[in-house]
Structures are given as C-alpha cells and as structure tokens.
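> Right, I'll just put the structure down here and ask away after.
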Amino acid sequence: MSRFKEGPILHDKNIEKVDITDITIIIVNYNTRQLTLDCLASVYASQTSYQSEIIVVDNASRDDSVQAIQSTYPDVRMIANSSNTGFAVANNQGMDIASGRYILLLNSDTVIQPDTLQTMISFMDRHPEMGASGCKVILPDGSLDKACKRGFPTPSASFYYAFGLSRLFPDRPKFNQYQLGHLSPDDEYPVDCLVGAFMLVRREAIDQVGGLDETFFMYGEDIDWCYRIKEARWGIYYYPRTYIVHYKGGSARRKPLKITYEFHRAMWVFHRKHYAKKYNPLMNAAVWMGIALKFMLSLLRSWVSLPSRSKRTTASMRAKNEVSSEVKS
C-alpha cells in the first residue's frame, strides 16, 4: 500500500501517523503538464511501506501545469517559480524544504514501477555506506537509457566515446569508460555516476557535500554531484532490480539552441571544475577545442535537419514545448 506523509491514508483514524519521512521525491516541471501528471500517478501507485512526501517545483510553466497538478494531487507540495531557474536551482529549492531520510531526484518525464520505491529504499537501508543509488532506466522502445550507469567523463573516456571507439570495441573496458557498455545492464555494481532522471541520495551525503551546483543549468549537474559524493568517500551503486521508463521530454526531433548550448557548456564547466588542474595546458586546450568543435557540429546538424522555412516556426515551438526541464542525452 502506498503511504504519503500528507496523503489521505494518514487521515484514516485506524492508522497511526508516523512522523518520520523516509523519502522526499522532487520533480521539476517545465511545460510538461501531462508527463508530470503521469509521473505523479505512477508515484501514487507505489506499493511501499515507507513514508513519502512529494515536492513539485514548477519553473514558470505556461501550460497550466500548476493548477492541474494542485487540483489532481492536492497533497503535493508545490513551489511555483516566476521564471525558469533551471534544473539544479529548482531541485535545490525542493531539497531546502525536504524532510526525508533520502532525496529522490525524479524527472517529470518518467514513470516508476509499483515496486521501485520499496526496492531502492530497502537497498539503501541495507547499505549505509552508499551515498547514492540508481535503478535501471529504459526508454519507451525498451532499450536502455545508457546514462543511468556511467563512468566519469575524463579526457580519455570522452575521446573514446566521442570518436566512436566505444562502439567499435563494445567489449573492451578501456574504450567503454564512460557509458560502461562492456558491463551488463542486468547486473548490479558500483559506478561513478548516475542520471538525474532517477537518483536516490542519502541525506547525510547531501549534508556533507551540499546540493547541486547551480552553475549548471540543465546538464552535467548530476555528474558533478556524483563526483563530489564519491570524493567524500560515499559509494554510488547501480541496482537494476527495478526500473523506470524515461520518455525524454516527448518526441522532439530538434533541440532548441539553448539546450544544445547548455549541453556543451556543461562539458566545459565540469572539466574546468574537476580536471583542468590535473592536466597540462596542452591537454586542456585539446579538450576546449574538442568541445567547441562538437558544439559547432551539433549546430550544423540541427540546421541541416531543419524543415522547410514555412514549417520552422511551428516545429521550433513544438520542440520547445515538449522538452522537459532536464533532458538527458
């Protein structure tokens, strides 16, 4: 049976109210009303003995998301921002008022399974050395969202990934340092980083390392957070005994310019913050040039794939409306 801290079940006189909140689920919404409602429906359908609370942070949506969520799920704690603050800032706002022993970052464009919360919290309770964990994340077509288990994007790992060596040698660990393609998605093991679409983090770890770095707008903040959690000597674990479905913000084929820019800016910010001092100027220059080249190629591909001029405005608006506040590639 699903139990929510402020939900109707706690109003039952036959059930003793428990003050401890086991998990706070934070969902950031940006113009994804129906996706968020579907996500919330899956959370409320959870079969778990743990006490939960849900916080939705809305980043100035224009699709009546706030009203729809509040009317459908009045027990959800809502933060309605007057502007789009980005993924990191919005999640930190939720963490500021969260009361759970664990914090779950959950994308608005995901659907969890009935056993997901029970399985993942039970795992964390059995392993107090773990600072964060994530489950298997699959896409609507049934394939794996490879971002759910990753290594850190070191210069070598990024090079092997960007230039396709990981695809050429899928069974070679040396060439699969980033997406860990040589490891079975059905096995469990420690990893460097998880995906912000589903990341369960222990309160004590957050107290030690802080929240998400707000320098990142909508990419890279999850990798940075995992990096800091591991540096503080907490474990991070991939636990595929349950799964979620990640819809990746709908079916937008072309990402708006700002999303493409933020994706590549996040690479630059992460390298500058964690790796620049560890490598010589020549290596750093190569990294900067690689990021710039990849950005320009992405812009070129986006322009080439644009529809005819008469359809560009409509396609652009559709893409922007379908993209969630945190889209992972």
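The values are calculated or read from the model by the stated rules, or taken from the named source; none is laboratory data. Just so you know, these numbers come straight off a predicted model, no measurement behind them. So basically every Cβ, Gly included, is an ideal-geometry build from the backbone, and we count neighbours across all protein chains shown.
> Could you list all residues from the range 192-238 that are at pLDDT 95 or above and on the phi > 0 side of the Ramachandran plot?
GLY210, ARG233
> Please count how many residues of the range 46-76 are under 17 Å from VAL89 (Cβ atoms) and of a type in the set (Asp, Glu).
Of all residues in the range 46-76, those under 17 Å from VAL89 (Cβ atoms) come to 55-61.
Narrowing further to those that are of a type in the set (Asp, Glu): 58.
Within the range 46-76, residues that are under 17 Å from VAL89 (Cβ atoms) and of a type in the set (Asp, Glu) number 1.
> Now for a different question. Filter the range 1-48 for residues that are modelled with pLDDT of 95 or more, over 26 Å from ARG126 (Cβ atoms) and charged (D, E, K, R); which is surrounded by the most Cβ atoms within 10 Å (Cβ to Cβ)?
ARG33
The rows are residues; the columns are (1) assigned by TED's automatic domain parsing to the domain that holds ILE236; (2) crowded, with 16+ Cβ neighbours inside 10 Å; (3) within 28 Å of ILE25 (Cβ to Cβ).
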residue: ASN92; (1), (2), (3): yes, yes, yes
residue: ASP96; (1), (2), (3): yes, no, yes
residue: TYR102; (1), (2), (3): yes, yes, yes
residue: ASP109; (1), (2), (3): yes, yes, yes
residue: GLN113; (1), (2), (3): yes, yes, yes
residue: MET120; (1), (2), (3): yes, yes, yes
residue: ILE138; (1), (2), (3): yes, yes, yes
residue: GLY142; (1), (2), (3): yes, no, yes
residue: PHE159; (1), (2), (3): no, yes, no
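> Here is a further query. Residue check, ASP75 against (1) at pLDDT below 95; (2) more than 17 Å from ASN31 (Cα to Cα), all met but one. Which one?
Evaluating ASP75 over (1) at pLDDT below 95; (2) more than 17 Å from ASN31 (Cα to Cα) leaves (1) as the failure.
> Looking at the range 158-179, can you tell me whether even one residue there is under 19 Å from the mean Cα position of the chain (by Cα) and within 25 Å of TYR243 (Cα to Cα)? Before the answer, list the steps.
Going through the range 158-179, the residues under 19 Å from the mean Cα position of the chain (by Cα) turn out to be 178-179.
Checking the rest, the ones that are also within 25 Å of TYR243 (Cα to Cα) come to 178-179.
Looking for residues that are under 19 Å from the mean Cα position of the chain (by Cα) and within 25 Å of TYR243 (Cα to Cα), one finds at least one in the range 158-179, hence yes.
> Return the residues of the range 201-214 that are over 12 Å from the mean Cα position of the chain (by Cα), in contact (Cβ under 8 Å) with a residue 60 or more places away in the chain and in a loop (DSSP other than H, G, I, E, B); say none if nothing qualifies.
Scanning the range 201-214 gives GLY211, ASP213, GLU214.
> Can you work out which of the residues in the range 78-109 that are among the β-branched types (Val, Ile, Thr) and under 19 Å from GLY220 (Cα atoms) is modelled with the lowest pLDDT? Before you say what the answer is, go through the steps one by one.
Residues of the range 78-109 that are among the β-branched types (Val, Ile, Thr), as a first pass: 79, 85, 89, 97, 103.
Next, from what is left, pick out any that are under 19 Å from GLY220 (Cα atoms): 85, 89, 103.
Details: THR85: 92, VAL89: 96, ILE103: 98.
Within the range 78-109, the match that is modelled with the lowest pLDDT is THR85.
> Scan the range 107-127 for residues that are under 18 Å from the mean Cα position of the chain (by Cα) and among the β-branched types (Val, Ile, Thr) and jot them down.
Listed by number, the residues that qualify are THR110, VAL111, ILE112, THR116, ILE121.
> Still on this structure, please answer the following. From ARG241, ARG253, ARG265, which residue is more than 17 Å from ALA157 (Cβ to Cβ) and either hydrophobic (A, V, I, L, M, F, W, C) or modelled with pLDDT of 80 or more (or both)?
Selected residue: ARG241, the only one of ARG241, ARG253, ARG265 that is more than 17 Å from ALA157 (Cβ to Cβ) and either hydrophobic (A, V, I, L, M, F, W, C) or modelled with pLDDT of 80 or more (or both).
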